[in-house]
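I have placed the structure first, in the form of structure tokens, so that the comments after it can refer back to it.
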There are 2 protein chains.
Amino acid sequence: MSKLDTASYKGVRDFYPEDQFIQNYIFKVWRKVLERYGYEEYGASILEPADLYKAKSGDEIVNEQTYTFIDRGDREVTLRPEMTPTVARMVAAKRRELGFPLRWYSIPNLFRYEAPQRGRLREHWQLNADIFGVKGVEADIEIIVIAYEIMKAFGAKDEDFEIQINDRSLIENHLRNQGVSEENINAARQLIDKKKKIPNFEEEMKKLVGKDIDLVMFPTERINQILTGLEFSGIKNARFESTLVRGFDYYSGMVFEVFDTDETNSRSMFGGGRYDNLTSMFSEDAVPGVGFGSGDVVLKDFLETHNLLPEKRSRTDLFLCLKDIDVESVVAFHKLAASLRDAGLNVATDQSGKEKGDLYKVAEKHNTPFIGFVESDKVVVKNMATREELETNFDEAETIKNFTK
Amino acid sequence: MSKLDTASYKGVRDFYPEDQFIQNYIFKVWRKVLERYGYEEYGASILEPADLYKAKSGDEIVNEQTYTFIDRGDREVTLRPEMTPTVARMVAAKRRELGFPLRWYSIPNLFRYEAPQRGRLREHWQLNADIFGVKGVEADIEIIVIAYEIMKAFGAKDEDFEIQINDRSLIENHLRNQGVSEENINAARQLIDKKKKIPNFEEEMKKLVGKDIDLVMFPTERINQILTGLEFSGIKNARFESTLVRGFDYYSGMVFEVFDTDETNSRSMFGGGRYDNLTSMFSEDAVPGVGFGSGDVVLKDFLETHNLLPEKRSRTDLFLCLKDIDVESVVAFHKLAASLRDAGLNVATDQSGKEKGDLYKVAEKHNTPFIGFVESDKVVVKNMATREELETNFDEAETIKNFTK
């Protein structure tokens, strides 16, 4: 029989324990910061009706970039490409019971069907944080403060990143004031979003709207309030950026992005904004929302570049090996392992009877900090890093525990 | 514009914070028990090449019960229906580097395309725990001990569940010895797996293999070793069950299942077994494996029935509300919130100026244990359960923290 390939599906990742360790670290920091600000975790399935994305996500995203298929019950189903429509659906469904201000976060995996490239895979995990039910500027400020606090919690310095802020309404009104017709506003905005990637931007814009457009804009009163609020919160690396747009069609007010300031890798890392009309897809009484999403792939790149990733530690404290194998010693061996676990240690065992050298190698490969050998009636425990040893008896679980601290 | 439905896709669940709380509780208990035994967490994508399931999962599962579609690159891709083929693929890919015994666990979400019913949804989460590289009976014993410890960690009593144990080779040899041909062994085994659901089982079996088959079998030496090992570990609710089979084709030795003993709801809750040949799908040198999978939906039903689910607690300690809104008080208010967060409290804020009664209702809906009101230069913090109050100043973050303990 021919052998199957061990590669994962194209553009997705396997998480070996060393990768999962990093993933868990990232999730833990995200959770901690969000919970400090009173956000509660929610979740949902990756499967959503395709209609959910057709109304508001932006044409390119739905038509060219999603995994969408027809199920056997003839339903058109999409692997969610983003979480905001899902959370809007959930909030709309229970808007009478939930209680506002509502602060929610989730760490969903999302799917995009596009050619994999640095920082963009077909599946990634994304922190989503949102406040619902607050029209006031305090919610815009809080969301940006949290984005900032997350960067700091990962160890980033102020000079490593910059927060750029704009308002969707500013750019849309500015285009209107220069005579861009309503039907061209969306397309013009999307063109500005790609300004840096388009070499002949001015030409393209003229072709679209029929005239030269200037992009000199000044911050609105609301943007200034946000900037003042951030200043009061001690944030010095935020500024107004008139051409900041963001891709999703549903943003209706403030938008922001966090940029990596590294000269060789300057780029947008994540961002978000205000979307006051999204729940009106589901019901007449719209609930205002403001939030952001931050992906694990881009973040991990950033942390690697800045040497901010923690070193892998094993959750296992001790690899306990049995050398003399007969029925009695096996029973005593497992009793010892059980009493060590009861004392609070995480213990993996081995009774293969392999050579000590081979067992050391296993402990090294697994990053286990301590190895123990049980022979007749004694236990020798060794610190893998310092080579320090403890020799003791079977009934000394506490002594062993203290040695491994 | 017509409104979109707020329902989730058929057969999957939304996790509102009260649901996510239960989910997180279940995951936490799983993680804790597995890590006690030295298991390390791994992960993978839900997207897998469809070929991965065609060889070994059992025909019914692949052909009738999976979400499989063709992607735009003409690849046949499946939403994983189970985790074992994925972990076998990952182990086979790095078998020279990993180090054995290898203890791994994961909590993947899995997809089955079948009519939703009690305990079986289209998407569920499943703890998967496996040991690789150990042929000896100690690995079979450890896996069953862990299944038992998990039930205990959730608060189940010995009489609430029973562990049934068998060996695939016993049943297959028994069929062979009675003259069942090799080509009928798999089908006969699958028929025995459904014995309880088939009213005319004897007739069906005779139709399949051409003769009457007796099902009287006695435990093998290995099964007796496992039962003895479990007894030494203090497990009293395990027994041999000769007709236990389990669905997947890849099991090659010990199989076990944990049954709910409740009279009104007696059923298999979860199980696993030994699969020594699965990695041979990928490479010549097979790595022996033994493990189990336990799903969240069935477990949650069990915990609900036995009244073992914890009550929802909020991760947020304090809902802090500002009453007098001017620039100065807003700044002082956020400074107070920040100092409370620095003292270790999780604090949500409100500066809507809503009535106190409305703000109490929000705290109640969110299960927040404390509410605080900031008025001019004082803070009043109230215990939502006891109605006890603390009145203090802005610079008393520690006093407030102690009150909320």
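The values are calculated or read from the model by the stated rules, or taken from the named source; none is laboratory data. The structure displayed is predicted, hence computed values, not measured ones. Here Cβ is always computed from backbone atoms with ideal geometry, including for glycine, and neighbour counts include all displayed protein chains. Keep in mind that these areas ignore ligands, DNA and RNA; they rest on the heavy atoms of the full protein, side chains included. Shrake-Rupley method; radii C 1.70, N 1.55, O 1.52, S 1.80 Å.
Brief remarks follow.
- Ordered by solvent-accessible area of protein heavy atoms (1.4 Å probe), largest first, the residues B:L322, B:L390 come out as B:L390, B:L322.
- Approximate spin-label separation A:K405-B:K356, in nm, with each point projected 7 Å along Cα-to-Cβ: 4.8 nm
- At least 30 Å along the helix axis (C-alpha) and Kyte average at least -1.0, DSSP helices within chain A: none
- Residues along the range A:275-307 losing 30 Å² or more of accessible surface when the other protein chains are present rather than the chain by itself (probe 1.4 Å): A:M281, A:F282
- Global form of the range B:194-237, assessed from the alpha-carbon gyration tensor, a/c cut-off 1.5: prolate
- Debye, to nearest 20: dipole size of the range A:318-404, +1 on Lys, Arg Cβ, -1 on Asp, Glu Cβ: 380 debye
- Counting DSSP beta bridges with both ends in the protein assembly as shown, the antiparallel % (nearest 5): 80 percent
- Taking all protein chains into account, the per residue accessible area for the protein assembly as shown stands at 43 Å² (1.4 Å probe).
- Peptide A:229-240 - average C-beta neighbours from other chains (10 Å radius): 1
- Peptide A:11-23 - average C-beta neighbours from other chains (10 Å radius): 5
- Over chain A, Cα pairs under 8 Å with separation of 6+ residues give a relative contact order of 15 percent.
- Note that the protein assembly as shown shows a convex hull volume over its alpha carbon atoms of 194 Å³ per residue.
- Leading residue at positive end of dipole, the protein assembly as shown (Cβ point charges), from A:S268, B:L227, A:A50: A:A50
- Position A:D342, label points 7 Å along Cα→Cβ, spacing to each other copy in nm (shortest first, one decimal): 4.5
- Sorting the segments B:152-164, B:23-35, A:142-154, B:197-209 by their mean number of nearby beta carbons within 10 angstrom, highest to lowest, gives A:142-154, B:23-35, B:152-164, B:197-209.
- Normalised by 2.2 N^0.38 Å, with N the number of residues, the alpha-carbon radius of gyration of the range A:236-301 equals 1.33.
- Chain B - mean residue ellipticity at 222 nm from DSSP helices (-39,500 (n - 2.57) per run, n ≥ 4, rounded to 500): -11000 deg cm²/dmol
- Given charges at beta-carbon only (K, R positive; D, E negative), |dipole| of chain B in Debye: 320 debye
- Under conditions of 4 °C and 1.567 mPa s, the range B:318-404 yields 102 µm² s⁻¹ as its translational diffusion coefficient, taking Rh as the Kirkwood radius over Cα pairs in the Stokes-Einstein equation.
- Normalised radius of gyration (Cα atoms, divided by 2.2 N^0.38 Å) for chain B: 1.27.
- Taking a ≥ b ≥ c as the square roots of the eigenvalues of the alpha-carbon gyration tensor, the range A:135-294 is classed oblate because a/c is 1.5 or more while a/b is no larger than b/c.
- Cα-projected label distance for A:D342 with B:K152, points at 7 Å along beta-carbon direction, nm: 0.9 nm
- Accessible-area value, A:E138, 1.4 Å probe, nucleic acids and ligands omitted, Å²: 50 Å²
- Sequence-separation-based contact order of the range A:318-404, relative, with Cα cut under 8 Å and 6+ spacing, percent: 33 percent
- Förster radius 22 Å - calculated FRET efficiency between A:T243 and A:N184 (Cβ-Cβ, nearest 0.05): 0.80
- Chain A residue nearest the rotation axis toward B, with distance: A:F69, 2 (Cβ to axis, whole Å).
- Total lysine pairs whose alpha carbons fall under 20 Å of each other in the range B:318-404 (8 or more apart, or interchain): 19
- The other copies place their B:K354 label points at 6.0 nm from this one, listed shortest first, where each point is 7 Å from Cα along Cα→Cβ.
- Only Lys, Arg, Asp and Glu carry charge here, each on its Cβ (+1 for the first two, -1 for the last two); on that basis the protein assembly as shown has a dipole of about 580 debye about its Cα centre.
- Each Cα pair under 8 Å and six or more residues apart adds its separation to the average, and for the range B:1-138 the resulting relative contact order is 27 percent.
- Label point of A:R72 (7 Å along Cα→beta-carbon): distances to the other copies' equivalent points are 2.7 nm, sorted ascending.
- For the segment B:349-360, counting C-beta atoms of other chains within 10 Å of every residue's C-beta and taking the mean gives 3.
- Working note: Karplus 6.51/-1.76/1.60 with θ = phi - 60° gives the range A:307-313 the couplings 6, 10, 7, x, 7, 4, 10 Hz, where Gly and Pro are set to x.
- Accessible carbon and sulfur surface of chain A relative to its total accessible area, %, 1.4 Å: 46 percent
- Computed with a 1.4 angstrom probe on protein heavy atoms, the B-A interface buries about 7900 square angstrom of accessible area in total.
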